Amino acid sequence: MTRVRGRFAPSPTGLMHLGNARSALLGWLHARAAGGEFHLRIEDLDAGRCKPEYVDALKRDLEWLGLDWDGPVLVQSERALLYREALGVLDAKGLTFFCTCSRADLARAASAPHEGEDGPLYPGTCRQGPTKARHPASVRFRAQGGPTSFVDLLHGPYTQDVARAVGDFVIRRADGIAAYQLAVVVDDAQSGITHVLRGDDLLSSTPRQLQLYAALEQPAPQFAHLPLLLDEHGKRMAKRDGSSTVAYFRERGLGPERLLGLMAKWSGLTDGAPITARELVPGFSLGRVSREPAVVRDSLT
Ligand code: GLU
């Protein structure tokens, strides 16, 4: 049987948010309960928003929570060559094209009925060749039409027609840097990741990623998209809200066991009593994780 290899792949654009910490905890529990490995990858391709100090802070928070990882930490900004190789493979198969459309062009071309699930549906402007001379060009993947389906380990079957929902999607940005969709697939494939546990907000990205796995002839991992954490108003916990970070807790003198207890409660695993990460491992299974978004009503201090 293949050994379970999980991963946590945060973007260091801020301090670790409770939603991210919970994804890390559940990914770690899933891997450790199966006697498997857990890997850490820093997704820092958005150089304008990522900061080295947040990488250090992420590691410190994981260590504080007792969530250890195996092997070296992978850093996406150091892996450009791998992404370029994958682009070459896709290009050789005729699955890519250059696109010179700006965001404004695409917004103008989009009309309400064609709105895709992830922003405006790409209207195919540059499919037959770039439409502007000497304009920075992104590279798009020719989306395959028809249903792309998978069985999410928490949500069950999920199907999307990528060509109709988002259209041809960007895999290399106009600044030459690999786009998230390509980098995440190349990295998870290269690391032999068997299970991807991540937030629900990425559910609709997965069919695109499955098309890339197929085009690169790589086996796809299994996916579990975790319900979001909602604040007491039923809204997604704001990423920028400093009071919903792990650091906020720690700085107020609360121990990691208290936060782990709350995260276990929000996931439907326990009644919330303080607990260590190791103590949560025995008996953990994804089947026990709540499928409903958790409304955080507990006092966070
Ligand atoms: N880097 C992404 C984030 O922090 C997660 C990507 C993934 O888990 O696939 O939201």
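The values are calculated or read from the model by the stated rules, or taken from the named source; none is laboratory data. What you are looking at is a predicted structure, and each value in this text was computed from that prediction instead of being measured. Cβ coordinates were reconstructed from backbone atoms using ideal geometry, including for glycine residues, and neighbour counts include every protein chain displayed. Calculation scope for accessible area: heavy atoms of the full protein, side chains included, ligands and nucleic acids excluded. Shrake-Rupley method; radii C 1.70, N 1.55, O 1.52, S 1.80 Å.
Things worth noting here:
- Tail weight of P(r) past 17 Å, computed on alpha-carbon pairs of the stretch 152-228, percent: 46
- Amide hydrogen neighbours beyond the local backbone of Phe284, cut-off 5 Å, H modeled: none
- Three-way shape call for the stretch 29-69 based on the alpha-carbon gyration tensor, with the a/c threshold at 1.5: oblate
- Degrees separating the helix 180-190 axis from the principal Cα axis of the chain, which is the longest one: 70
- Cysteines without a disulfide-compatible neighbour (Cβ-Cβ under 4.7 Å), the chain: Cys50, Cys101
- The residue list Gly145, His225, Leu74 was ranked by how far each Cα lies along the charge dipole of the chain toward its positive end, using unit charges on Cβ atoms, and Gly145 comes out on top.
- Cα-based helix-to-principal-axis angle, 206-215 vs the chain, degrees rounded to 10: 60
- Whether the stretch 231-301 is rounded, prolate or oblate, judged on the alpha carbon gyration tensor where a/c under 1.5 counts as rounded: oblate
- Calculated SAXS-style log₁₀ I(q)/I(0) at q = 0.10, 0.12, 0.15 Å⁻¹ - the chain, Debye, Cα scatterers: -0.58, -0.83, -1.24
- Cα gyration tensor shape for the stretch 86-201, rounded if a/c is under 1.5, else prolate or oblate: oblate
- Across the accessible surface of the chain, with the other protein chains kept in place and a 1.4 Å probe, carbon and sulfur atoms take up 52 percent.
- Where the alpha-carbon atoms of the stretch 2-119 are placed on the principal axes, they occupy 49, 32, 29 Å, in descending order.
- Overall dimensions of the stretch 41-100 as given by Cα atoms, namely Rg and Dmax in Å: 16.2, 47
- Dipole magnitude (debye, nearest 20) for the chain, charges at Cβ of Lys, Arg, Asp, Glu: 480
- Axis of helix 52-65 versus longest Cα principal axis of the chain: the two differ by about 40°, to the nearest ten degrees.
- Based on the convex hull around the alpha carbon atoms, the stretch 119-165 presents an average projected area of 4.6 nm².
- Partners for Lys51 among lysines (Cα-Cα distance below 18 Å; same-chain residues under 8 apart left out): Lys59, Lys239
- Counting only protein heavy atoms and a 1.4 Å probe, the chain has 47 square angstrom of accessible area per residue.
- Neighbour net charge for Arg41 - beta-carbon separation under 10 angstrom, K R +1, D E -1: -2
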